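Take a look at the structure below.
Here, each number is a calculation from the coordinates, and none is a lab measurement. Note that this is a predicted model, so its numbers are computed, not measured. For neighbour counting, all protein chains shown are included, and Cβ atoms are generated from backbone atoms with ideal geometry for every residue, glycine included.
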Amino acid sequence: MAEKVAENGEQKRFYLETFGCQMNVHDSERVAGTLVSRGYTAVGTMQEADLILFNTCSIRDKAAQKVFDRLANFKALQKQGKKFGVLGCVAQQEGEAIFKRAPHVSLVVGSASYARLPELIAQLENGETKVTGLEAATDEAFETEYTRRDHPFRAFVTIIEGCDKHCAYCVVPFTRGKERSRTSASVLTEIRHLVELGYSEVQLLGQNVNSYRDPSPAGLSFAELLAAAGAVPGVERVRYTTSHPRDFTPEIVRVMGENPVLCDHVHLPVQSGSNDVLRRMLRGYTREHYLGIVDGIRACARPLALTTDIIVGFPGETDRDFEETAELMHEVHFNSAFIFKYSPRPNTEAGTWPDDISEEVKAQRFAILQERQQAMQAEDNQAHVGATMKVMVEAFHPKLAQWAGRSSSNRVVNFTPMPALDVLGQPGALRPGGYAQVRITKAGPNSFVGQQVN
Ligand code: SF4
């Protein structure tokens, strides 16, 4: 393919920065692939680029503000002829108002319009200064023609887009639209293709993967799709994210118990341990229902790690509500928890309510949960010392002479390779994307240290 050449005869270069979740990371792969297909080259700094893109996240106020701060910091680069674009959730949420707030931006594209990127980029190249792709998120195009895989050994596969849950605090149904599932045949074909490309770990993605419904006559449920993905020859690991307790079925746990290719990790956001808060969050389940699912997960044929998301300081959260969350955390003993301070978002139901928990109280509650969770993790992880884990190798740290990788349960493991495999201090037979058996010698709250064994 001919390289894109500017009028001055130079090749066009783009810089793409991604904020937010794995869906966004994967969207950036789609965007980058489309740009490369148009002859652009990716560069690592804004200074080197002609086109500077931010793929944004609006799930929290802080994340959205960060994008505008970044834009303001680099405004001066516009004088050098560089063009700026805002993509993703902030683009979908703020729309053309971005041109007012950051006048040096000339491209605003929501995630539903990435399939139209070639046409939008052409408009930009033709000198248009306010190019938008802000269609309502209803497309069925889960991948563009040119998805570029940035991760060398873990491949993301979108199985469902959008969300129909409308939790009171969440912008996703607005920014990503209604749920659209992809056919099982298309998902499985892509996984086979990824295996041919050398990937052995795939991660099925969706805002709520459990509500996946195969739109083809095959009619697979999420559990059936998971089993089918795990049965693709050459696949060694299948992960999935994110789950919703309302749609999480015992069938999923049964399928995971039967097939060790399905990673032994469930991420199941609980958000709160108080039934009153859950009701006002419009989560559609109770504390008791959630704990029932946890019992099912704990009874799985093999141990599964369980992680969660929690919001503190939701409007009206009383001290008692907060204590119920802390008690639930203690009862479940999550392997890890992502704790967030509530911030009101536009276009959400809770965003219209008074944000009546002070920043100080939110910060206190956040700190209490963080501290308790870290202490539990430190204690629970000790139980793994002496165990052997299969680790997917990710990177070598020369200073430490250690490899880093992840266990099936998504825990970080730093380990020393077997001396026989090291040639002149180089990590011999190990390579990123390969696997190693590691005996755990030390455990911290967030990671393990170990030694490679045969
Ligand atoms: S389930 Fe709720 S929190 Fe998750 S994406 Fe949908 S609306 Fe947002």
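Side notes on the structure shown:
- Close amide H contacts of Lys83 (hydrogens built in the peptide plane, cut-off under 5 Å, sequence separation of 5 or more or a different chain): Leu51, Ile52.
- Shown for Val261, Val453: other C-beta atoms within 10 Å of each C-beta, ranked fewest to most, produce the order Val453, Val261.
- Database remark: amide H of Val131 closer than 5 angstrom to the amide H of Leu107, Val108 (H placed geometrically; neighbours at sequence offset of 5 or more, or on other chains; Pro and chain starts carry no H).
- Gain in span if fully extended, Val412 to Asp380, counting 0.36 nm per residue against the direct Cα distance: 10.0 nm
- Rounded to the nearest 500, the 222 nm mean residue ellipticity of the chain from helices alone is -9500 deg cm²/dmol, with -39,500 (n - 2.57) taken per DSSP H run of at least 4 residues.
- Close amide H pairs (under 5 Å, H built 1.01 Å from N) link Lys442 with Val449, residues at least 5 positions away or on another chain.
- Taken over region 267-395, the ratio of Cα radius of gyration to 2.2 N^0.38 Å equals 1.17.
- For the chain, hydrophobic long helices are taken as DSSP H runs at least 15 Å long by C-alpha position along their axis with mean Kyte-Doolittle hydropathy of 0.0 or more; these are 184-196.
- The 3J(HN,Hα) values that the Karplus relation (6.51, -1.76, 1.60; θ = phi - 60°) gives for region 127-134 are, in residue order, x, 5, 10, 9, 9, 10, x, 10 Hz. Gly and Pro appear as x.
- Restricting the calculation to alpha carbons of the chain gives Rg and Dmax of 22.9, 66 angstrom.
- When Rg and the Kirkwood radius Rh are both evaluated on Cα atoms of region 151-263, their ratio Rg/Rh stands at 0.97.
- J(HN,Hα) series, region 199-207, from Karplus relation 6.51 cos²θ - 1.76 cosθ + 1.60, nearest Hz, glycine and proline x: 7, 10, 10, 10, 10, 7, 10, x, 5
- Local electrostatic count, Val238, Cβ distance below 12 Å [Lys/Arg +1, Asp/Glu -1]: 0
- Volume of the convex hull of region 1-129 (Cα atoms only), normalised per residue: 101 Å³.
- Were the residues from Ile368 through Ala231 laid out at 0.36 nm apart, the gain over their Cα-Cα distance would be 45.1 nm.
- The value of relative contact order for region 388-453, using C-alpha pairs under 8 Å at least six residues apart, is 36 percent.
- Across region 13-133, Cα pairs under 8 Å and at least six residues apart give a relative contact order of 23 percent.
- Cα-based Rg and Dmax for region 388-453, where Dmax is the largest Cα-Cα distance (Å): 10.6, 33
- DSSP bridge pairs, the chain: antiparallel proportion in percent, nearest 5: 35
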